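Working notes, structure below.
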Amino acid sequence: RMWIRRCQSRCLSSMRIARRPDLAAVSDEHIRSLSRLCPNNSRDEVFLAVANIDWLGKYKGHSPLILYPSSTHEVAAALRYCSGKRLGVVVQGGNTSLVGGATPVHDEIVLDMRRMNNIIEIDQEQQVLICDAGCILQQLDQKLETVGLTMPLDLGAKGSCQIGGNVATNAGGIRLVRYGSLHANVIGLEWVMANGTVFNNITTLRKDNTGFDLKQLMIGSEGSLGIITKVALLVPRKPTTINLSYLALESFDKVIEALHCARFHLGEILSAIEFQDRQSLEFVLANHPGSQDPMDKSYPFYMIVEASGFRQEHDADRMSRFLEDALDRQIIADGTLAQDSTQIAGLWALRESVAESVGKSGSVFKYDLSLPVKDMYTMVEAMRTRLAPVISPDLICGYGHVGDSNLHLNIVSPEFSDKVQDLTEPFVYDLTRKMGGSISAEHGLGLMKAPYISYSKSEAQIRLMQQVKDLFDPNGILNPYKVLPVAPKPEPAQSIIYQGKP
């Protein structure tokens, strides 16, 4: 309750979003009808308070009802009713979105997927996992480990996030450099359209070249085109060896050199390559219990380089060759090589705890950007210069997945500040565009970035995306106000009844 009260004092942004007049207000009759369709539900004020506030405490909605469906049938029944009554619906997995993508804006019905958490099949021969959308990422990985397999996805929020939400946001994470994106790893989906129609192409087949691959539209759609209920996912063999080094570097140019050097020496066994600046490490050392600086002195930049495979002697030799070459060429200033699983976990914690540690320091403005690798830290420096009158440089940090050019820019303010936000947005998006980047690398657009999509997509692309949205969800009930700029909808009396055609 203390966390809820603290968040409510900072939840300012969603109050600025005008309500769409074509969406109906939720009435007591709507609540009674939906409760009959989905018997597991809640109107408890504590549960509603949590569901109505996002992960960062930045957005706050006013949903009066949470539905906890236990089957695809219940999801379909609820959506069919909501579409007919023009009631907005927001689907929630672990509610870990960092762009307000899973939080109600007004009184949208919350569809919480936690009860749909069954592992349906692990096909060891095909190396395919089939499961419900509400399965927690970490629990899936632990189950797969018992049969020698692993998830192709690893995130800091793995203990809370659900696989349906991961797919809906096309989450990236630290393993993308090894296994690729979810567009490459998801081979089948079951989802429910806004009108209650169920589409099921769950399969263990790796190839199916029969027409349009519709599931690709669902990956990264953020619950705006349909509700994902089941997932079929490629799950590779779990590596049996891990070699990890934590490196210190004097400049970001050296970080780039180390990236190229690691790719050359480690090749196909390179499983993760991350960077963080000193400021992000300071947040961890100050706020994450038990953390210790792994070096004898401070450096401007640090990297984690991980190699995983199946032949320890071979893999360890390649890691040693990488480190020797990087030291000989003065690419790295210092480093440590983990000797066991405990040290590996401890070094990973220095990187994976950044987001949580930053969040304990104040109100955080987070920007997940895809940039040419040479420009990644130029963005951080540019924001420190721009915000110097209002924010200390020590409260602005950069870290992320240097292997796929994904920067996490974090700006900490003692409390939510319109001045900081106005100085930052849209400047950060405009600079991203000028650098040839994308305003969202892996977090999605959600509520936060929907108004700024034009900084990464052309007018023609946005228009086509809106046409797809109108076809899949003609009444615009699915995750309203998110992903695309809010467009005026016809009043109910003027609407066209959806018949499955454009």
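Please treat every number below as a calculation from the coordinates, not as lab data. Since the model is a prediction, treat every value here as computed from it, not as a measurement. Cβ sites come from the backbone with ideal geometry, for glycine too, and all protein chains shown count toward neighbours.
So what is the relative contact order of the chain, in percent, for Cα pairs below 8 Å that sit 6 or more residues apart?
Across the chain, relative contact order equals 15 percent.
Quick one: compute a quarter of the convex hull surface over the Cα atoms of the range 395-450 and quote it in nm². Please report the intermediate quantities before stating the final value.
Details: hull surface 17.6 nm².
Mean projected area for the range 395-450: 4.4 nm², to one decimal.
Using Cα centres only, tell me the gap between the range 40-102 and the range 149-205 in whole Å.
Taking the Cα centre of the range 149-205 as reference, the centre of the range 40-102 is 20 Å away.
Using +1 at the Cβ of each Lys and Arg and -1 at the Cβ of each Asp and Glu in the chain, identify which of Asn475, Ala316, Thr378 lies farthest towards the dipole's positive end.
Asn475
Which one of Pro389, Pro152, Gly400 is farthest out on the positive end of the charge dipole of the chain, using unit charges on Cβ (Lys, Arg +1; Asp, Glu -1) and the Cα centre as origin?
Pro389
What does the charge add up to near Ile453, with Lys and Arg as +1, Asp and Glu as -1, over the other residues with Cβ less than 15 Å from its Cβ?
So the surrounding residues net to +1.
Among the aspartates and glutamates, select those whose C-alpha is under 14 Å from the C-alpha of Lys434, and discard any that sit fewer than 8 residues away in the same chain.
Excluding near neighbours in sequence, the set is Asp375.
If the cut-off is 20 Å between C-alpha atoms, which lysines fall inside it for Lys469, apart from same-chain ones fewer than 8 positions away?
Those lysines meeting the cut-off are Lys85, Lys215, Lys449, Lys457, Lys482, Lys489, Lys501.
Report, in deg cm²/dmol and to the nearest 500, the calculated mean residue ellipticity at 222 nm for the chain, where each DSSP H run with n ≥ 4 adds -39500 (n - 2.57) and the sum is divided by the residue count.
-9500 deg cm²/dmol
May I ask for the percentage of alpha-carbon pairs in the range 119-234 that lie more than 19 Å from each other?
Tail of P(r) above 19 Å: 41 percent of Cα pairs.
Starting from the alpha-carbon convex hull of the range 239-357, give the projected area averaged over all orientations, in nm².
Averaging across all directions leaves 6.9 nm² for the Cα convex hull.
Which of the peptides 41-48, 478-485, 277-284, 368-375 is most tightly packed, and how do the rest follow, judged by the mean count of other Cβ atoms within 10 Å per residue?
Packing order, densest peptide first, comes out as 478-485, 277-284, 368-375, 41-48.
Taking H placed 1.01 Å from N in the peptide plane, check which residues at least 5 places from Ile120 or on another chain put their amide H under 5 Å from its amide H.
Ile130, Cys131, Asp132
Cα centroids of the range 383-427 and the range 216-239: how far apart, whole angstrom?
31
Counting only other residues whose beta carbon sits under 14 Å from that of Arg321, what net charge do I get with K and R as +1, D and E as -1?
-3
Any idea what the dipole of the chain comes to, in debye rounded to 20, about its Cα centre with Lys/Arg Cβ at +1 and Asp/Glu Cβ at -1?
1500
State log₁₀ I(q)/I(0) for the chain at q = 0.06 Å⁻¹ as given by the Debye formula over alpha-carbon point scatterers of equal weight, solvent excluded.
The Debye formula, applied to the Cα set alone, gives -0.28.
Taking the range 210-308, how much of its Cα-Cα pair set, in percent, is spaced more than 15 angstrom apart?
More than 15 Å apart: 73 percent of the Cα pairs in the range 210-308.
If one takes the longest principal axis of the Cα atoms in the chain, at what angle in degrees, from 0 to 90 and to the nearest 10, does the Cα axis of helix 376-387 lie?
The two axes meet at around 70 degrees.
In terms of the Cα gyration tensor, with a ≥ b ≥ c the square roots of its eigenvalues, is the range 294-381 rounded because a/c is under 1.5, prolate because a/b exceeds b/c, or oblate?
Judged from the Cα gyration tensor, the range 294-381 comes out prolate (a/c at least 1.5, a/b above b/c).
Limiting things to C-alpha atoms, what are the Rg and the maximum Cα-Cα separation (Dmax) for the range 362-456, in angstroms?
Cα only, the range 362-456: 12.3, 34 Å (Rg, Dmax).
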